[in-house]
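The values are calculated or read from the model by the stated rules, or taken from the named source; none is laboratory data. Just so you know, these numbers come straight off a predicted model, no measurement behind them. Because the Cβ atoms are built from the backbone with ideal geometry, glycine has one as well, and the counts that use them run over all protein chains shown.
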Amino acid sequence: MTRLLLLTFLATICLLQCLARERNPLPPKTTVQTLLSKQKAEERDSGLIYIDLGMPEAAADYYHKALSLAITERDTAVMQFLTGQLAGAYIALQDPATALKYLTHEKTHYPPVTTNARIQMVSAFLYAYILQHRADRARPYAEELKQLLPSLDQQDAERPLILMSLLTYSLAVKRYTEAIQYGTAAEVLLRKYRLLPQMVRLYNQWYKADSALGNYNDAIKHYQQYKYYSDSMFSLAKAGQVSQLQVKMDADRKEHDLQLKEQDIALLTREAQLQTTALQKTQLTRNVIIGGVLMLAVCLFLGYNRYQLKLRSNHQLKVKQQEVREQHTSLQLLLEKQKKLLQEKEYLVQEIHHRVKDNLEIVMSLLKTQSGFLRDEAALKAISESRSRMQAIYLIHQKLYQQDSHSLVNMKSYISELIDYLKQGILPDHQIDFQLDVAPVALDVAYTVPIGLTLNEAVTNAIKYAFTDTGTIAVSLKETGRQQLTLTIADNGKGFPAVKPDNGRQSIGLMLMNVLSEQLEGELAIQHDKGVTISLSFQYGEHRA
């Protein structure tokens, strides 16, 4: 079926070329070329007949023979025509690689000079690439056909070829609605010109586009039309014209071959004499004199020009060298100044972290001293919680002061030290096992402070509400997406209430965790299932530890 559809493309080109020849007939040949041209024309027309009969292999054979005669006769117009016909025959034989070879040769050596010839070549390129399933390579030719289509008259003989080519391309790239539009436009012209092979191909592709769009009623109708015209075309091809034509051509060819040999000898002899005379009388002396004078003038001009260019180049090179030296000196000064500023900045940042750490240490000492003079349990509890929160921030500034980087904190080391502090300072009477799973990430202080405070509040609440003496608290900080972290604190205790029973408001710890999650633009979640699980998910800037 695919072979039949490809043959219709060739038949379209043949018919459109016949219409073009009726409007623009070829000029008559000279007397010397008459016999050669007659045999060449018969070979060429035989190829067209075999194409119409659906026999591209035989057509290609006759096209090759006609092309050999056209090369002997040096008939450029026929050579261009036969090269395109050979490309079409190999498209019908489903050999797009060979077809592209002939099309490329035609495009290079015989570029089309008319719009009709260009349309035929572009359409052939499009069909060849579609056969290779390379729709991307066919797309430029489809766009070129779209640009050529508005310039054609509605009755132009090349219009059906463009519409059928664009229909094939649209179907290949699955633009089924666009394919139906081209099919609708092509149907009118194909019926007018009674192009039976093209109507077979039109309805074959049309019902496929309808099926892809779910228009099953239209698909059935177009499939029935496809079968009707397909059967009609095969009925026409059953006639016994091929054998009669072959017998006639074999007899004529023998007579033509004998006469052709005599004409070839006379033609070659005459051409050799004319070429020798022309070369001796006109070209040799004139070319030598003119060439010598021109060569001398060119040499003098090039020598002077090279000398001037060398002087100018040397001057420009000296100027550039001076500019480079000045820029290099300026750049060195800027780099030294920048290095000094960076060192001063590092010192200042380190000093700030040191001062903040010392101030937090003083405040925590004052709170510890103050707690020694208090007897109120609520006040002591508040001071203890405040000291714990300050310790979380204190550890951050201590690590920033002690390490080379003064803006990033290694979260694995920081969380481990914070848990150790909570064990020693808050859990003297509890036997609680901590399980840590922290990803190797380094975060900015803007992320570390909220994380540390959230972890402090979650662990403190777990100790206050979840356990009486023993238990397990799991702390993890894992990557759960691209530049996304999730902090999870889970215990296996009895949980803690979300609100205070006396006034119905959230505890200060939960309020603080909500505020910290908003600061991180994250999402805080609390689950009560065999204990309490607190998770905080947030986006972060990527820094590996």
Leu267: surrounded by 11 or more Cβ atoms within 10 Å (Cβ to Cβ), over 56 Å from the mean Cα position of the chain (by Cα) and at pLDDT 75 or above, yes or no?
yes
Confirm whether Ala297 is at pLDDT 90 or above and of a type in the set (Gly, Ala, Ser).
yes
Residue among Tyr102, Tyr127 that is of a type outside the set (Asp, Glu), in the same structural domain as Ile162 (by TED's automatic domain parsing), surrounded by fewer than 24 Cβ atoms within 10 Å (Cβ to Cβ) and in a helix (DSSP H, G or I):
Tyr102
State whether one or more residues within segment 377-388 are within 57 Å of the chain's Cα centre (by Cα) and either modelled with pLDDT of 70 or more or assigned by TED's automatic domain parsing to the domain that holds Asn456 (or both).
yes
Starting from residues that are part of a strand (DSSP E or B) and charged (D, E, K, R), keep the ones in segment 427-465 and report whichever is farthest from Glu417 (Cα to Cα).
Asp444
When (1) among the hydroxyl-bearing types (Ser, Thr, Tyr); (2) modelled with pLDDT of 80 or more; (3) closer than 22 Å to Leu195 by Cβ are applied to Tyr50, the one that fails is (2)
Residue check, Asp156 part of a helix (DSSP H, G or I) and of a type in the set (Asp, Glu):
no
Listed by first then second residue, the pairs whose first member lies in segment 257-283 and is in contact (Cβ under 8 Å) with a residue 12 or more places away in the chain, whose partner is small (Gly, Ala, Ser) and surrounded by 11 or more Cβ atoms within 10 Å (Cβ to Cβ), with beta carbons under 9 Å and at least 6 positions apart or on separate chains, are none
Where the second residue is of a type in the set (Asp, Glu) and buried (at least 20 other Cβ atoms within 10 Å of the Cβ) and the first is in the same structural domain as Ala525 (by TED's automatic domain parsing) and lies in segment 445-462, which pairs have Cβ atoms under 8 Å and are six or more apart or on separate chains?
Ala462/Asp491
Which of the residues spanning segment 175-220 are part of a helix (DSSP H, G or I), basic (Lys, Arg) and either at pLDDT below 85 or surrounded by fewer than 23 Cβ atoms within 10 Å (Cβ to Cβ) (or both)?
Arg191, Lys192, Lys208
Could you pull out the residue among Thr486, Thr480, Thr468 that is modelled with pLDDT under 80, assigned by TED's automatic domain parsing to the domain that holds Asn514, not small (Gly, Ala, Ser) and not in a helix (DSSP H, G or I)?
Thr468
Do we find a residue being surrounded by fewer than 17 Cβ atoms within 10 Å (Cβ to Cβ), touching a residue at least 12 places away in the same chain (Cβ under 8 Å) and under 23 Å from the mean Cα position of the chain (by Cα) anywhere in segment 159-173?
yes
